[in-house]
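The values are calculated or read from the model by the stated rules, or taken from the named source; none is laboratory data. These numbers were taken from a predicted model, which means no experiment stands behind them. Virtual Cβ from ideal backbone geometry, glycine too; neighbours counted across all protein chains shown.
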Amino acid sequence: MEWEQLYRMQEELDKYIEEQRNLREINVFEEKCLALLVEVGELANETRCFKFWSNKRRSGKGRILEEYVDGIHFILSLGLEKGYRYSGGDKSKHRSTETGQFNTVFQTCTNFQQHPSPSTYDELFASYLQLGSLLGFTREDIQQAYMKKNEVNYTRQEEGY
């Protein structure tokens with residue numbers, strides 16, 4: 001996948017939001033970390049993988065993918081915030097279940113927030129991509145959905161979201 005293209009798109013969106021919301025003087029790293037955790041929780045809710053007590057079916061693949069790329073937006077944005085780019089390495093532990101991988105993503109996000117470095121960023125990104133793979137998404141699915149959601153995010157900003 002062409003990550004650099006997505007980084008450029010995210011950088012443009014982040015700058016647009018900073019200008020619209022007058023955020024140039026504010027360090028939003030903590031807010032973006034929390035936003036990512038919330039988005040991962042929303043994604044887990046759509047999959048319902050952890051709801052062993054419920055018979056309700058999971059959301060459709062399109063809805064789950066849309067929630068998934070919300071997380072990609074924040075992971076890219078966090079990398080830009082710290083000046084990191086995903087190296088493409090796979091340094092995180094892969095879990096065999098969706099629930100296990102969600103837990104790994106939460107752990108790697110918290111670890112990155114507490115100890116931001118290129119290696120903890122790579123671990124976060126890799127664990128999230130592994131989650132996407134478990135959810136049945138290809139890199140092409142992710143890229144196309146990211147581009148579509150990026151347009152939605154601009155529209156939302158223009159409408160005062």
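Annotations for the structure displayed:
- Residue within segment 129-144 that is assigned to a helix (DSSP H, G or I), touching a helix residue (DSSP H, G or I) at 6+ places or on another chain (Cβ under 9 Å) and closer than 18 Å to F29 by Cβ present: no
- T47 satisfies every condition listed in (1) over 18 Å from K149 (Cα atoms); (2) modelled with pLDDT under 95; (3) β-branched (V, I, T) except (2).
- Failed condition for N27, given (1) at pLDDT 95 or above; (2) over 20 Å from N153 (Cα atoms); (3) of a type outside the set (A, V, I, L, M): (1)
- Criterion applied to E42, E67, E12, E18 was being closer than 28 Å to L134 by Cα, surrounded by fewer than 16 Cβ atoms within 10 Å (Cβ to Cβ) and not polar (S, T, N, Q), and the one residue passing it is E42.
- Qualifying residue in segment 48-63 (condition: over 17 Å from the mean Cα position of the chain (by Cα) and crowded, with 17+ Cβ neighbours inside 10 Å): yes
- Here C33 clears all of (1) touching a residue at least 24 places away in the same chain (Cβ under 8 Å); (2) loosely packed, with under 13 Cβ neighbours inside 10 Å except the condition numbered (2).
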